[in-house]
Amino acid sequence: MEYVTMAEGLEFSRVVLGFWRLLDWNLSTDELIRYLEECLDLGITTMDHADIYGDYTVEEKFGEAMKKRPDLRDKMQIISKCGIVYKSETARVKYYNYGTDYIIGQVEKSLKYMGIDHLDTLLLHRPSPFMDPEEISRAFETLLKEGKVRTFGVSNFLPDEFRLLKSYLTVPLITNQIELSPLRMGNMENGVMNLCLEERIHPMLWSPLAGGRIFTGQGEEEIRLREVLEVIREEIGAEDIDEVAFAWLFSHPAKPIPITGSGEIGLAERPVKALKYRLTPEQWFMVWTAVKGHKVP
Amino acid sequence: MEYVTMAEGLEFSRVVLGFWRLLDWNLSTDELIRYLEECLDLGITTMDHADIYGDYTVEEKFGEAMKKRPDLRDKMQIISKCGIVYKSETARVKYYNYGTDYIIGQVEKSLKYMGIDHLDTLLLHRPSPFMDPEEISRAFETLLKEGKVRTFGVSNFLPDEFRLLKSYLTVPLITNQIELSPLRMGNMENGVMNLCLEERIHPMLWSPLAGGRIFTGQGEEEIRLREVLEVIREEIGAEDIDEVAFAWLFSHPAKPIPITGSGEIGLAERPVKALKYRLTPEQWFMVWTAVKGHKVP
Amino acid sequence: MEYVTMAEGLEFSRVVLGFWRLLDWNLSTDELIRYLEECLDLGITTMDHADIYGDYTVEEKFGEAMKKRPDLRDKMQIISKCGIVYKSETARVKYYNYGTDYIIGQVEKSLKYMGIDHLDTLLLHRPSPFMDPEEISRAFETLLKEGKVRTFGVSNFLPDEFRLLKSYLTVPLITNQIELSPLRMGNMENGVMNLCLEERIHPMLWSPLAGGRIFTGQGEEEIRLREVLEVIREEIGAEDIDEVAFAWLFSHPAKPIPITGSGEIGLAERPVKALKYRLTPEQWFMVWTAVKGHKVP
């Protein structure tokens, strides 16, 4: 496993385990403990949560494992997110809340549910046109001072949103968790990946295989992509094309950190195996060209 | 009335009176004086002009009132704008002129027409792909030194245009006057509102009720908007839905300053009454969602 | 001729000779030498190359002239570019390579082919979503230290790409070579020209006459453009409408530097003759309005 320095004294594993679909994994508490141990054995030490995952239930389920095995905590970096409020009996629409008290309250719930005393990293889940950066700054300062959160970041932020927020904070933003895969390259075109390079931060990547579309998509771009991934797979000697897709991500100079959301160790292992490959510029642009359907300008 | 600090020693009233449609108000000079007194009694002290309003005639008409009642000047902050040249007998196309001499000349005309000796704020009316920031800087420095203009700003500037100009100036840009309303949210999506927050400036807002479309529009989004404004109106106890629309604007953390362009005191009073309301994040996004026709991401 | 200070001790002629189409000029080495002398006599001292021009053959052909007349070198500023790799027997797709060794290797080839010992300026030919700014920085530092390149710049970079790269470099970026003409105004709308003003750099312009479309295009915008260029031509007393088009560019406050790609001295002279004209704001926006087909906002 590679590890990436995210802040002073904080390293993330280059492959992160995401708990968005934890409920779908259908694991008992003991099975989840076993799975966490297997992941830790692979070197996957960074765990990605959010308050809303599983309709607000995932952190609690994860917490059952952590409460039974509190010794695992120190082997992990635990991330959570807040800010999205789902439509519910009490919320008439889905909305964002970045008020000071709301942020602090959500973190306290996350800690309680997960049975831990601090988050390694708190991310703001989505940018909001209504966010008050002063409110956010106050929340971050309080959480840091009280030892409840060690570092802070954002998710799905565009460059201007990132810079605006940063200009109000007394703490650094250590990452931007964004969507990126060969089939979703928008964040390489709207300045987000460039922002990460400029800010010297390493983006975390959700849906690095485009939710499986790399294997199953029947569109023209997906078919072209699979063909070229197969050509490169053979050249570099990888087992399957998903390793090539992960290698395409790992090769990027911003050192992106993909999140795997699988509950099977065989699948969690795929990006780890891909870590040994790096693509040449030619191979990297063969993928780009296949997806776009035209050559570079 | 709330007042917003725009610069050292300069406050704007949170509601501004705009003179774009002064001719439509059909007021005699004495009626205009009475109207100005009524507005000042409401606390509306900031007056928004431009050289071109009323086809270059509004400032002169306003000046007739000011010359009759020069005692009103010190109770007001007077803004004007320049830079747009309308197509006319002498101008073959509508165009922008930001030459040093042109800017200074237009300000001198504005002062003469309005019968005043200085503007509190001069705004560049629209960004121009042909503007020379050095020319603008020279004009601003001269106008400041000669006491003709106290502070400077822009209107309808995108972030890169704002930053470019700022990088040449020795005076601050204290505001960006832009279009914003629940029915025109573009400036919350293109970085302009974020720029205002980042620059710690308060945007002035033109067409805060989308030119009346909030009441009269028959499109789907306008109908949905009215429905949700009515729901919130009842919750917060406002008199009419325009107060909710203004409250939606007032609630934004950038502290935007809407401009009312009405010549009737009953209408000018509407945003002032709305000042006592602030929306919750849920209410704020109910408006957003109604206009967009879909939930937030 | 006007000259523009690009960096300490480096001036470009306000009109640059581009060698993209050198092969089409059909000149023998002696004819090319005579042409270079004629251009130098006009004051055109800056020569724009790229490794890939003429399918990697132009620099060598230019070098034949330079090797025969090495005394010409000191009268010139020589620019080249690298980074694009064309599809070929060895490259399966067109791609970009900005690895340290690749950049250095391409410059060394350019020097060898052209028979010179240094470039005045090296440009990165196109931005790449895969470029590693640390690799680029190392290449630039090495090339500078070894005396192989005096200054550095980019081509076709968007503002965020420019700023990202700049943030890694220990040398300044002295220009951005971009497309601009009355018929292609995109770089005045996407922030690129504004970036040049903000960075106090002077853009070099490729296709300043839109590849001749100004004369030959039969679209509505091209017909409208020719009509208005003709009106202005008569007003300013120019010989032909191309001078007006060049004057439109020369009038911009960013001091853009158009590249002429002609092998005939009569054509290379056209922009030089246009240097004596500057358009008024009204004339400048008459061109803008004709091309857009609507007045400014």
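The values are calculated or read from the model by the stated rules, or taken from the named source; none is laboratory data. Here the structure is a predicted model, which is why all the values come from computation and not from measurement. Every residue, glycine among them, receives a Cβ derived from its backbone with ideal geometry; neighbour counts consider all protein chains shown. Note: accessible area is taken over every heavy atom of the protein model, side chains too, but ligands, DNA and RNA are not part of it. Shrake-Rupley method; radii C 1.70, N 1.55, O 1.52, S 1.80 Å.
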ask   = List, please: which pairs have Cβ atoms under 8 Å, are six or more places apart or on different chains, and start with a residue in segment C:271-297 that is over 30 Å from C:Leu42 (Cα atoms) and assigned to a loop (DSSP other than H, G, I, E, B) and end with one that is open to solvent by 30 Å² or more (accessible area, probe 1.4 Å) and among the acidic types (Asp, Glu)?
value = C:Gly293/C:Glu220; C:Gly293/C:Glu221
remark   = Across segment C:131-155, the tally of residues that are in a loop (DSSP other than H, G, I, E, B), open to solvent by 30 Å² or more (accessible area, probe 1.4 Å) and touching a residue at least 12 places away in the same chain (Cβ under 8 Å) stands at 3
request  = Return yes or no: is B:Ile236 out of contact with any Pro (no Cβ under 9 Å at 6 or more places or on another chain) and either within 14 Å of chain A (Cβ to nearest Cβ) or surrounded by fewer than 20 Cβ atoms within 10 Å (Cβ to Cβ) (or both)?
outcome  = yes
key: Members of segment B:101-111 that are open to solvent by 20 Å² or more (accessible area, probe 1.4 Å) and either touching a residue at least 12 places away in the same chain (Cβ under 8 Å) or within 13 Å of another protein chain (Cβ to nearest Cβ) (or both)   = B:Asp101, B:Tyr102, B:Ile104, B:Glu108, B:Lys109
key: Tally of residues being among the β-branched types (Val, Ile, Thr), closer than 20 Å to C:Val272 by Cα and either open to solvent by less than 80 Å² (accessible area, probe 1.4 Å) or touching a residue at least 24 places away in the same chain (Cβ under 8 Å) (or both) across segment C:1-31   = 3
task = Pairs only if they're at least six apart or on different chains, beta carbon under 8 angstrom, first in segment A:160-184 and assigned to a strand (DSSP E or B), second among the acidic types (Asp, Glu); list them, first residue then second.
result = A:Leu173/A:Glu199; A:Gln177/A:Asp48
remark   = When C:Arg184 is run through (1) open to solvent by less than 20 Å² (accessible area, probe 1.4 Å); (2) within 25 Å of B:Arg126 (Cα to Cα); (3) more than 9 Å from every other protein chain (Cβ to nearest Cβ); (4) not aliphatic (A, V, I, L, M), the failure sits at (1)
query = Considering only segment B:32-76, how many residues are of a type in the set (Asp, Glu), surrounded by fewer than 19 Cβ atoms within 10 Å (Cβ to Cβ) and touching a residue at least 24 places away in the same chain (Cβ under 8 Å)?
reply = 5
ask   = Applying the selection to segment C:196-210, what residues are more than 7 Å from chain B (Cβ to nearest Cβ), outside any strand (DSSP E or B) and touching a residue at least 24 places away in the same chain (Cβ under 8 Å)?
value = C:Cys196, C:Glu199, C:Ile201, C:His202, C:Pro203, C:Ser207, C:Pro208, C:Leu209, C:Ala210
message = Looking at segment B:241-290 only, could you name the residues that are within 12 Å of chain A (Cβ to nearest Cβ), farther than 20 Å from B:Phe12 by Cβ and open to solvent by less than 20 Å² (accessible area, probe 1.4 Å)?
response = B:Leu279, B:Gln283, B:Trp284, B:Phe285, B:Met286, B:Val287, B:Ala290
ask   = Any idea which of (1) in a helix (DSSP H, G or I); (2) surrounded by fewer than 20 Cβ atoms within 10 Å (Cβ to Cβ) is the one C:Gln218 doesn't satisfy?
value = (1)
Identity of the residue in segment A:159-181, surrounded by fewer than 17 Cβ atoms within 10 Å (Cβ to Cβ) and hydroxyl-bearing (Ser, Thr, Tyr), that ends up nearest to the other protein chains (Cβ to nearest Cβ) = A:Ser167
remark   = The residue from B:Leu143, B:Leu195 that alone is modelled with pLDDT of 95 or more and closer than 26 Å to C:Cys196 by Cβ is B:Leu195
note = The number of residues in segment A:77-97 that are part of a loop (DSSP other than H, G, I, E, B), open to solvent by 10 Å² or more (accessible area, probe 1.4 Å), more than 8 Å from chain B (Cβ to nearest Cβ) and not β-branched (Val, Ile, Thr) is 3
ask   = Can you pull out the residues in segment B:99-139 that are out of contact with any strand residue (DSSP E or B) (no Cβ under 6 Å at 6 or more places or on another chain) and either on the phi > 0 side of the Ramachandran plot or among the acidic types (Asp, Glu) (or both)?
value = B:Asp101, B:Glu108, B:Gly115, B:Asp117, B:Asp132, B:Glu134, B:Glu135
inquiry  = Based on this model, can you work out whether C:Gly212 counts as at positive phi and open to solvent by less than 10 Å² (accessible area, probe 1.4 Å)?
reply    = no
